[in-house]
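Below is one structure; the comments refer to it alone.
The values are calculated or read from the model by the stated rules, or taken from the named source; none is laboratory data. None of these values were measured; they are calculated from a predicted model. Virtual Cβ from ideal backbone geometry, glycine too; neighbours counted across all protein chains shown. To get the accessible areas, we keep the full protein, side chains included, count just its heavy atoms, and leave off ligands, DNA and RNA. Shrake-Rupley method; radii C 1.70, N 1.55, O 1.52, S 1.80 Å.
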Amino acid sequence: YCYRLVSIEMHDGVEGIGEQAFWYCSSLRTIKLPGVRVIEKNAFAGCRALESVEFGDKLETIGESAFQSTSLRSIKLPKVWIIGTGAFQHCDKLTDVELSENLGRIRGGAFRRCPRLRRISIPLKSNLLGGNDVVFNNCDELSQVDIVGGIHKTISSLLLDSWRNEMND
């Protein structure tokens, strides 16, 4: 509840952001996290003015509801392994998401209720999307899915049936 905090710029030595560290900092607009590896549960949840986050290439985990109910418009994750349950849910202004080919798992509801989300760039991997709740629930504007990653040698390596079924859910 640091109402006057407007921006955060971490140095390379900061490797983690703790649970609820910047929870409901209502004036926070921009963040730079070059060396951060782990962002824990609710770290920036409720930061309604938050429009821009610069993620570094060391990021491994984004915790549950870490950026819930922010004003992020675009997300570019150059490297992340796990995106937690509800990590970006209720981001009403989010339109574009770029995920890296290193991504291993997106937990349920990670982008739930992002009504303006139009485009995602995502790797095509088996069991990438998961949880009891679908990842892109109530993302009614989602119309473009770009596949990132390496070149597939055969059509059977694409795992189209399971991936399509997960996306349809």
Next on the checklist: As an exercise: evaluate Ser100 against (1) at pLDDT 95 or above; (2) open to solvent by less than 40 Å² (accessible area, probe 1.4 Å) and give the number of the one condition it does not meet.
Outcome noted: (1)
Checklist entry - Restricting the search to the stretch 72-86, which residues are under 18 Å from Arg119 (Cβ atoms) and of a type in the set (Ser, Thr, Tyr)? => result Ser74
Checklist entry - Can you name the residue in the stretch 11-20 that is in a loop (DSSP other than H, G, I, E, B) and under 19 Å from the mean Cα position of the chain (by Cα) and, of all such residues, is nearest to Trp81 (Cα to Cα)? => result Glu15
Checklist entry - Which condition does Ala49 not pass, out of (1) closer than 23 Å to Val145 by Cβ; (2) part of a loop (DSSP other than H, G, I, E, B), if it passes all the others? => result (1)
Checklist outcome for this item: Scanning the stretch 103-148 residue by residue, those modelled with pLDDT of 90 or more and at positive phi turn out to be Gly109, Arg113, Asn138
Item to check | Selection count, the stretch 37-54, where residues are touching a Lys or Arg at 6+ places or on another chain (Cβ under 7 Å) and hydrophobic (A, V, I, L, M, F, W, C) | outcome: 2
Item to check | In the stretch 21-40, residue nearest to Gln68 (Cα to Cα) [restricted to those that are open to solvent by 80 Å² or more (accessible area, probe 1.4 Å) and in a loop (DSSP other than H, G, I, E, B)] | outcome: Tyr24
